[in-house]
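Accompanying notes for the structure given below.
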Amino acid sequence: MINKGNKPKRWKTKLLDKYRIVIVNDRTFEDVKSFKLNLLNVWMGIITLLFVMILSTVLLLVLTPVKEYIPGYSSSDLMQQSIQLTLKVDSLEADSKRNIAYIESVKAILQGDIALTSESVDSLVITPKPSDFLDYNGPSESDKKLREMVHLEDKYNLFPEATPKVSELLFSPVDGQVVKGFDPGSSSYGVDFILTGVTPIKSIAKGTVLLTQWSIKDGYMIVVLHRDGLISVYKHLTSLIKNEYDTVQSGEVLGLFNAQEQDILDRSNNNVTFFNFQLWKNQYPLDPSLFMDLD
(Lines give C-alpha, C1' and ligand atoms only; values in the text may rest on other atoms or scores of the structure.)
Protein backbone atom coordinates (compact mmCIF):
# COMPACT_ATOMS: atom_id res chain seq x y z
CA MET A 1 0.00 0.00 0.00
CA ILE A 2 2.84 2.35 0.80
CA ASN A 3 4.48 1.69 -2.58
CA LYS A 4 1.23 2.33 -4.49
CA GLY A 5 0.71 5.67 -2.75
CA ASN A 6 4.22 6.77 -3.55
CA LYS A 7 3.88 6.28 -7.37
CA PRO A 8 2.19 9.66 -8.07
CA LYS A 9 4.79 11.39 -5.94
CA ARG A 10 7.58 9.68 -7.82
CA TRP A 11 6.20 10.91 -11.21
CA LYS A 12 5.79 14.39 -9.79
CA THR A 13 9.31 14.41 -8.47
CA LYS A 14 10.64 13.12 -11.82
CA LEU A 15 8.87 15.92 -13.66
CA LEU A 16 10.23 18.54 -11.28
CA ASP A 17 13.74 17.11 -10.91
CA LYS A 18 16.22 19.49 -12.48
CA TYR A 19 18.79 18.39 -14.99
CA ARG A 20 21.78 20.28 -16.25
CA ILE A 21 22.75 20.36 -19.92
CA VAL A 22 26.34 21.44 -20.35
CA ILE A 23 27.99 22.33 -23.68
CA VAL A 24 31.75 21.57 -23.41
CA ASN A 25 34.57 22.49 -25.77
CA ASP A 26 35.99 19.24 -27.03
CA ARG A 27 39.61 20.43 -27.12
CA THR A 28 39.88 22.43 -23.91
CA PHE A 29 37.07 20.73 -21.99
CA GLU A 30 35.87 24.20 -21.04
CA ASP A 31 32.20 24.70 -20.24
CA VAL A 32 30.77 26.89 -22.97
CA LYS A 33 27.18 27.00 -21.82
CA SER A 34 24.91 25.17 -19.46
CA PHE A 35 21.15 24.90 -19.04
CA LYS A 36 18.98 23.78 -16.16
CA LEU A 37 15.88 21.91 -17.27
CA ASN A 38 13.33 19.51 -15.96
CA LEU A 39 10.93 17.17 -17.79
CA LEU A 40 8.00 19.54 -17.26
CA ASN A 41 9.83 22.35 -19.12
CA VAL A 42 10.69 19.97 -21.96
CA TRP A 43 7.08 18.80 -22.37
CA MET A 44 5.78 22.37 -22.19
CA GLY A 45 8.28 23.45 -24.85
CA ILE A 46 7.28 20.60 -27.16
CA ILE A 47 3.57 21.38 -26.72
CA THR A 48 4.17 25.10 -27.31
CA LEU A 49 6.19 24.37 -30.45
CA LEU A 50 3.46 22.09 -31.82
CA PHE A 51 0.79 24.72 -31.06
CA VAL A 52 2.78 27.45 -32.87
CA MET A 53 3.32 25.19 -35.87
CA ILE A 54 -0.38 24.30 -36.08
CA LEU A 55 -1.43 27.94 -35.65
CA SER A 56 1.01 29.16 -38.34
CA THR A 57 -0.19 26.45 -40.75
CA VAL A 58 -3.83 27.42 -40.22
CA LEU A 59 -3.07 31.12 -40.73
CA LEU A 60 -1.06 30.32 -43.86
CA LEU A 61 -3.97 28.41 -45.38
CA VAL A 62 -6.64 30.94 -44.37
CA LEU A 63 -4.91 34.24 -45.15
CA THR A 64 -2.84 33.37 -48.25
CA PRO A 65 -3.67 31.97 -51.72
CA VAL A 66 -1.90 28.73 -50.81
CA LYS A 67 -5.32 27.29 -49.92
CA GLU A 68 -6.26 27.31 -53.64
CA TYR A 69 -3.71 24.51 -54.20
CA ILE A 70 -5.63 22.19 -51.89
CA PRO A 71 -7.48 19.57 -54.01
CA GLY A 72 -11.24 20.19 -54.05
CA TYR A 73 -11.01 23.76 -52.71
CA SER A 74 -12.11 26.78 -54.79
CA SER A 75 -11.88 30.41 -53.77
CA SER A 76 -14.83 32.81 -53.70
CA ASP A 77 -13.32 34.86 -56.54
CA LEU A 78 -12.99 31.76 -58.68
CA MET A 79 -16.59 30.79 -57.95
CA GLN A 80 -17.78 34.29 -58.87
CA GLN A 81 -15.79 34.22 -62.11
CA SER A 82 -17.22 30.82 -63.02
CA ILE A 83 -20.76 32.09 -62.41
CA GLN A 84 -20.15 35.16 -64.59
CA LEU A 85 -18.65 33.01 -67.34
CA THR A 86 -21.64 30.67 -67.18
CA LEU A 87 -24.02 33.61 -67.56
CA LYS A 88 -22.00 34.95 -70.49
CA VAL A 89 -22.01 31.56 -72.20
CA ASP A 90 -25.80 31.33 -71.77
CA SER A 91 -26.27 34.80 -73.26
CA LEU A 92 -23.92 33.97 -76.16
CA GLU A 93 -25.86 30.78 -76.85
CA ALA A 94 -29.12 32.74 -76.90
CA ASP A 95 -27.61 35.35 -79.25
CA SER A 96 -26.24 32.59 -81.47
CA LYS A 97 -29.67 30.97 -81.74
CA ARG A 98 -31.27 34.31 -82.62
CA ASN A 99 -28.59 34.98 -85.25
CA ILE A 100 -29.05 31.52 -86.76
CA ALA A 101 -32.82 32.05 -86.93
CA TYR A 102 -32.28 35.47 -88.52
CA ILE A 103 -29.87 34.04 -91.11
CA GLU A 104 -32.29 31.23 -91.93
CA SER A 105 -35.11 33.72 -92.46
CA VAL A 106 -32.86 35.82 -94.73
CA LYS A 107 -31.95 32.69 -96.69
CA ALA A 108 -35.63 31.82 -97.08
CA ILE A 109 -36.38 35.32 -98.38
CA LEU A 110 -33.48 35.35 -100.83
CA GLN A 111 -34.20 31.85 -102.14
CA GLY A 112 -37.94 32.47 -102.40
CA ASP A 113 -38.89 29.76 -99.89
CA ILE A 114 -41.71 31.81 -98.40
CA ALA A 115 -45.01 30.13 -97.61
CA LEU A 116 -47.87 32.00 -99.22
CA THR A 117 -51.19 32.05 -97.39
CA SER A 118 -54.25 31.07 -99.39
CA GLU A 119 -57.91 30.64 -98.67
CA SER A 120 -60.27 28.10 -100.17
CA VAL A 121 -63.23 30.00 -101.56
CA ASP A 122 -66.19 28.28 -103.15
CA SER A 123 -66.38 29.54 -106.72
CA LEU A 124 -70.14 28.97 -106.86
CA VAL A 125 -70.81 31.43 -104.07
CA ILE A 126 -70.64 35.10 -105.06
CA THR A 127 -69.54 37.26 -102.19
CA PRO A 128 -71.48 40.51 -102.19
CA LYS A 129 -69.45 43.71 -102.19
CA PRO A 130 -69.76 45.89 -99.10
CA SER A 131 -71.66 49.14 -99.35
CA ASP A 132 -68.51 51.21 -98.85
CA PHE A 133 -66.50 49.31 -101.49
CA LEU A 134 -64.47 51.56 -103.82
CA ASP A 135 -63.45 50.34 -107.24
CA TYR A 136 -59.85 51.50 -107.70
CA ASN A 137 -58.80 51.93 -111.34
CA GLY A 138 -55.29 53.23 -110.73
CA PRO A 139 -53.91 56.66 -109.86
CA SER A 140 -55.12 59.74 -111.65
CA GLU A 141 -52.85 62.17 -113.51
CA SER A 142 -52.74 64.58 -110.59
CA ASP A 143 -51.98 61.70 -108.23
CA LYS A 144 -49.11 60.59 -110.46
CA LYS A 145 -47.64 64.10 -110.48
CA LEU A 146 -47.90 64.30 -106.68
CA ARG A 147 -46.22 60.93 -106.27
CA GLU A 148 -43.40 61.92 -108.61
CA MET A 149 -42.85 65.15 -106.65
CA VAL A 150 -42.78 63.28 -103.33
CA HIS A 151 -40.42 60.73 -104.84
CA LEU A 152 -37.96 63.45 -105.88
CA GLU A 153 -38.21 65.16 -102.50
CA ASP A 154 -37.45 61.90 -100.68
CA LYS A 155 -34.54 61.15 -102.99
CA TYR A 156 -32.80 64.50 -102.50
CA ASN A 157 -34.05 65.47 -99.06
CA LEU A 158 -31.55 67.65 -97.18
CA PHE A 159 -33.68 68.67 -94.20
CA PRO A 160 -32.76 67.38 -90.72
CA GLU A 161 -36.41 66.74 -89.91
CA ALA A 162 -36.56 63.91 -92.42
CA THR A 163 -36.37 60.38 -91.03
CA PRO A 164 -35.05 58.20 -93.87
CA LYS A 165 -34.89 54.43 -93.67
CA VAL A 166 -31.11 54.58 -94.14
CA SER A 167 -29.09 56.67 -91.67
CA GLU A 168 -25.74 56.61 -93.51
CA LEU A 169 -24.37 57.51 -96.90
CA LEU A 170 -24.46 54.62 -99.38
CA PHE A 171 -22.30 54.17 -102.45
CA SER A 172 -23.02 52.26 -105.64
CA PRO A 173 -21.47 48.76 -105.63
CA VAL A 174 -20.26 49.13 -109.26
CA ASP A 175 -19.91 51.67 -112.03
CA GLY A 176 -22.08 50.19 -114.75
CA GLN A 177 -25.21 50.57 -116.80
CA VAL A 178 -28.53 49.67 -115.17
CA VAL A 179 -30.50 47.45 -117.56
CA LYS A 180 -33.38 46.57 -115.24
CA GLY A 181 -34.66 48.61 -112.33
CA PHE A 182 -36.54 47.87 -109.14
CA ASP A 183 -39.96 46.33 -109.92
CA PRO A 184 -41.52 44.19 -107.15
CA GLY A 185 -44.56 43.51 -109.31
CA SER A 186 -42.45 41.39 -111.65
CA SER A 187 -40.45 39.82 -108.78
CA SER A 188 -37.50 42.12 -109.48
CA TYR A 189 -36.42 43.09 -105.96
CA GLY A 190 -33.24 44.85 -107.03
CA VAL A 191 -31.40 46.32 -110.01
CA ASP A 192 -29.42 44.58 -112.75
CA PHE A 193 -26.14 45.99 -114.09
CA ILE A 194 -24.46 45.08 -117.35
CA LEU A 195 -20.68 44.94 -116.86
CA THR A 196 -17.68 44.35 -119.10
CA GLY A 197 -14.38 42.67 -118.29
CA VAL A 198 -13.42 41.87 -114.70
CA THR A 199 -15.23 44.28 -112.38
CA PRO A 200 -14.69 44.47 -108.59
CA ILE A 201 -17.91 44.47 -106.57
CA LYS A 202 -17.67 46.85 -103.60
CA SER A 203 -19.55 47.17 -100.33
CA ILE A 204 -22.01 50.07 -100.25
CA ALA A 205 -21.24 50.85 -96.58
CA LYS A 206 -19.49 49.50 -93.49
CA GLY A 207 -20.93 46.23 -92.24
CA THR A 208 -20.46 42.53 -91.50
CA VAL A 209 -20.67 39.68 -94.00
CA LEU A 210 -23.78 37.74 -93.01
CA LEU A 211 -23.86 35.01 -95.66
CA THR A 212 -21.81 33.64 -98.56
CA GLN A 213 -23.01 30.84 -100.80
CA TRP A 214 -23.09 29.49 -104.36
CA SER A 215 -26.06 28.20 -106.33
CA ILE A 216 -26.80 27.36 -109.95
CA LYS A 217 -29.40 30.12 -110.16
CA ASP A 218 -27.51 33.00 -108.51
CA GLY A 219 -23.86 31.92 -108.81
CA TYR A 220 -21.75 33.32 -105.98
CA MET A 221 -23.82 35.47 -103.63
CA ILE A 222 -22.73 37.56 -100.64
CA VAL A 223 -24.97 39.26 -98.09
CA VAL A 224 -23.75 42.14 -95.89
CA LEU A 225 -25.48 43.46 -92.76
CA HIS A 226 -25.17 47.21 -92.18
CA ARG A 227 -26.38 49.69 -89.56
CA ASP A 228 -30.07 49.89 -88.60
CA GLY A 229 -30.72 46.38 -89.92
CA LEU A 230 -30.05 47.31 -93.57
CA ILE A 231 -29.03 44.31 -95.72
CA SER A 232 -27.30 44.49 -99.09
CA VAL A 233 -27.30 41.47 -101.44
CA TYR A 234 -24.83 40.94 -104.30
CA LYS A 235 -25.65 38.13 -106.79
CA HIS A 236 -24.09 36.48 -109.86
CA LEU A 237 -20.48 37.02 -108.79
CA THR A 238 -17.81 34.77 -110.31
CA SER A 239 -15.57 34.77 -107.20
CA LEU A 240 -15.64 35.96 -103.60
CA ILE A 241 -12.92 37.64 -101.56
CA LYS A 242 -14.66 37.95 -98.17
CA ASN A 243 -15.90 35.18 -95.90
CA GLU A 244 -18.80 34.99 -93.47
CA TYR A 245 -18.55 37.24 -90.37
CA ASP A 246 -15.79 39.36 -91.92
CA THR A 247 -15.99 43.10 -91.21
CA VAL A 248 -15.95 45.23 -94.35
CA GLN A 249 -15.55 48.97 -94.84
CA SER A 250 -17.39 51.23 -97.25
CA GLY A 251 -16.01 50.68 -100.76
CA GLU A 252 -14.09 47.52 -99.84
CA VAL A 253 -14.05 44.81 -102.52
CA LEU A 254 -16.31 41.84 -101.77
CA GLY A 255 -15.79 39.80 -104.92
CA LEU A 256 -15.33 39.90 -108.71
CA PHE A 257 -17.69 39.78 -111.66
CA ASN A 258 -15.99 38.33 -114.75
CA ALA A 259 -18.11 39.08 -117.81
CA GLN A 260 -16.19 36.61 -119.99
CA GLU A 261 -16.75 33.68 -117.62
CA GLN A 262 -20.41 34.63 -117.27
CA ASP A 263 -20.72 34.81 -121.07
CA ILE A 264 -19.40 31.25 -121.42
CA LEU A 265 -21.86 29.99 -118.83
CA ASP A 266 -24.75 31.93 -120.34
CA ARG A 267 -24.19 30.50 -123.80
CA SER A 268 -24.59 26.99 -122.40
CA ASN A 269 -27.81 28.03 -120.64
CA ASN A 270 -29.12 30.22 -123.51
CA ASN A 271 -29.68 33.25 -121.30
CA VAL A 272 -27.95 36.44 -120.20
CA THR A 273 -26.69 37.00 -116.66
CA PHE A 274 -26.24 40.47 -115.18
CA PHE A 275 -24.87 41.56 -111.85
CA ASN A 276 -27.85 41.84 -109.47
CA PHE A 277 -27.90 44.12 -106.44
CA GLN A 278 -30.65 44.27 -103.79
CA LEU A 279 -31.43 46.22 -100.62
CA TRP A 280 -33.56 44.81 -97.79
CA LYS A 281 -34.75 46.13 -94.46
CA ASN A 282 -37.13 44.52 -91.96
CA GLN A 283 -37.73 41.71 -94.51
CA TYR A 284 -38.95 44.19 -97.14
CA PRO A 285 -37.12 45.09 -100.39
CA LEU A 286 -36.06 48.70 -100.98
CA ASP A 287 -35.45 50.56 -104.22
CA PRO A 288 -31.65 51.13 -104.34
CA SER A 289 -32.05 54.14 -106.62
CA LEU A 290 -33.67 56.05 -103.74
CA PHE A 291 -30.56 55.81 -101.54
CA MET A 292 -27.62 55.96 -103.94
CA ASP A 293 -26.66 57.30 -107.35
CA LEU A 294 -26.68 54.38 -109.78
CA ASP A 295 -26.21 56.40 -112.96
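Residues whose amide H lies under 5 Å from that of residue 201, counting only those 5 or more places away or on a different chain, are 254, 255, 256, 257; hydrogens are built 1.01 Å from N in the peptide plane. Label-to-label distance, residue 90 versus residue 31, with points set 7 angstrom from Cα along the beta-carbon direction: 7.9 nm. Between residue 149 and residue 70, the simple spin-label model (points 7 angstrom out along Cα→Cβ) gives 8.5 nm. Segment residue 258..residue 177, full-extension length gain: 27.6 nm, with 0.36 nm per residue of separation and the alpha-carbon distance subtracted. Residue separation of residue 98 and residue 213 scaled by 0.36 nm, minus their Cα-Cα distance, works out to 39.4 nm of gained length. With both labels modelled 7 Å from their Cα along Cα-to-Cβ, the residue 16 to residue 187 distance reads 11.6 nm. In sequence order, the range 237-252 has phi-based couplings of 7, 8, 7, 10, 10, 9, 10, 4, 6, 6, 8, 10, 9, 5, x, 7 Hz under the Karplus curve 6.51 cos²θ - 1.76 cosθ + 1.60, θ = phi - 60°, and Gly or Pro positions carry x. Taking 0.36 nm per residue of sequence separation and removing the Cα-Cα distance, the residue 50/residue 198 pair yields an extension gain of 44.6 nm.
Quick one: pull the percent of accessible area on the range 181-220 belonging to carbon and sulfur, 1.4 Å probe, ligands and nucleic acids left out.
Here carbon and sulfur together make up 56 percent of the probe-accessible area.
Our coupling estimate for the range 44-59, obtained by passing each phi through the Karplus curve with A = 6.51, B = -1.76, C = 1.60 and θ = phi - 60°, is 5, x, 5, 5, 4, 4, 4, 4, 5, 5, 5, 5, 5, 5, 4, 5 Hz, Gly and Pro reported as x.
The values are calculated or read from the model by the stated rules, or taken from the named source; none is laboratory data. All values derive from a computational prediction rather than experimental measurement. Heads up, the Cβs are rebuilt from the backbone with ideal geometry, glycines too, and the neighbour counts pull from every protein chain shown. Quick note on the areas: whole protein, heavy atoms, side chains included, nothing else; ligands and nucleic acids left out. Shrake-Rupley method; radii C 1.70, N 1.55, O 1.52, S 1.80 Å.
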